[in-house]
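Read through the structure below, which is laid out as structure tokens, and then see the notes.
Read the figures in this text as sums done on the coordinates, not as results from a lab. These numbers were taken from a predicted model, which means no experiment stands behind them. Neighbour counts are summed over all protein chains in view; Cβ atoms, including those assigned to glycine, are modelled from backbone coordinates with ideal geometry.
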There are 2 protein chains.
Amino acid sequence: MENIFTDEYFMKKALLEAETAFEQGEIPVGAIIVVDNRIIARSHNLTEMLNDVTAHAEMQAITASANFLGGKYLKGCTLYVTLEPCQMCAGALYWSQISKIVCGATDEHRGFRAMGGKLHPKTEIVYGVMEQECSSLMKAFFKKKR
Amino acid sequence: MENIFTDEYFMKKALLEAETAFEQGEIPVGAIIVVDNRIIARSHNLTEMLNDVTAHAEMQAITASANFLGGKYLKGCTLYVTLEPCQMCAGALYWSQISKIVCGATDEHRGFRAMGGKLHPKTEIVYGVMEQECSSLMKAFFKKKR
């Protein structure tokens, strides 16, 4: 039987979250966290609605997953996020010891690689899954803003 | 008239928060945020109680201050924190554009300088205020844990 649970399958779910953010006037970033092909957290950027710079999609997904799992470490979990994490989110992911991160679009200026942050040595990271779609949504948002 | 509102004055308040964390079995880090000599947020590390790696003292203080001010940028604010921020907290502080950070103890291994994070160019930072007291509390905590 064909495995439907590919990285693209889950990135599409994260992208749906990003689209919800877009519709709400938030910078369109979405995230989900998956364990054993089960989605345990869905979130999107809420910095404008909550007036809170810490309300990035990844931060909410980390908190929600820890809550769901009843423990603060996200071993065995995979984060799908439509934009490369910033240094704040990379730092939170570092502390969580999450097993895998799958990113859509690259953030050249504010991504953790540009800013100099670090992930946990136990964390695997994959870039560029549905990059075009994730990136197009970001571009459409900033074009609308101008 | 003598100015009682020195960096030491406010760091003592942050240290009281750190002592509360210590008493609760949390890694003893405390933070306060001040505007015009008025304390607008007090917090301490709650990662164990909340089972949440994002519940650092600084993160809570940023969220509480933004809530108090009704806006997400912390211009004109000063953070007093008993330990040098990690990359997650440095990243959150970056986004907040906070005006000033005053640190107590240095975190050689997990501080944002060791991990490679960046603060906002508008943010001034001062190290080593009541360093001895802040550092002693950390050492006492880890000694007790062993």
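Structure above, values below:
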{"item": "Label point 7 Å beyond Cα along the C-beta direction, distances from B:Arg110 to other copies (nm, shortest first)", "result": "2.6"}
{"item": "Nearest residue to the symmetry axis between A and B, taken on chain A by its Cβ, in whole Å", "result": "A:Gly116, 2"}
{"item": "Copy-to-copy label separations for B:Gln132, where each label sits 7 Å from Cα toward Cβ, in nm and ascending", "result": "6.5"}
{"item": "Other-copy label distances relative to A:Ile4, 7 angstrom Cα-Cβ extension, nm", "result": "6.8"}
{"item": "Relative contact order for region B:102-146, counting Cα pairs under 8 Å that sit 6 or more residues apart, in percent", "result": "53 percent"}
{"item": "Cross-link partners of A:Lys145 among lysines (Cα-Cα below 20 Å; sequence separation of 8 or more within a chain)", "result": "B:Lys72"}
{"item": "Chain B - percent relative contact order, Cα under 8 Å, separation 6 or more", "result": "21 percent"}
{"item": "Between region A:1-30 and region B:36-73, the alpha-carbon center distance in angstrom", "result": "30 Å"}
{"item": "Net charge dipole size for the protein assembly as shown [Lys, Arg +1 and Asp, Glu -1 on Cβ; Debye, nearest 20]", "result": "180 debye"}
{"item": "Net charge dipole size for region B:66-146 [Lys, Arg +1 and Asp, Glu -1 on Cβ; Debye, nearest 20]", "result": "260 debye"}
{"item": "Cα centroid separation, region B:81-146 to region A:105-119 (Å)", "result": "21 Å"}
{"item": "Percentage, to the nearest whole number, of Cα pairs in the protein assembly as shown over 28 Å apart", "result": "36 percent"}
{"item": "Distance between modelled label sites at A:Glu124 and B:Asn3, nm, 7 Å Cα→Cβ extension", "result": "5.5 nm"}
{"item": "Relative contact order (percent, whole number), region B:27-101, Cα cutoff 8 Å, 6+ residue spacing", "result": "32 percent"}
{"item": "Cα extents of chain A along the three principal axes, largest first (Å)", "result": "41, 37, 26"}
{"item": "Residue-span extension gain [B:Arg110 to B:Arg38] - 0.36 nm each, minus C-alpha spacing", "result": "22.9 nm"}
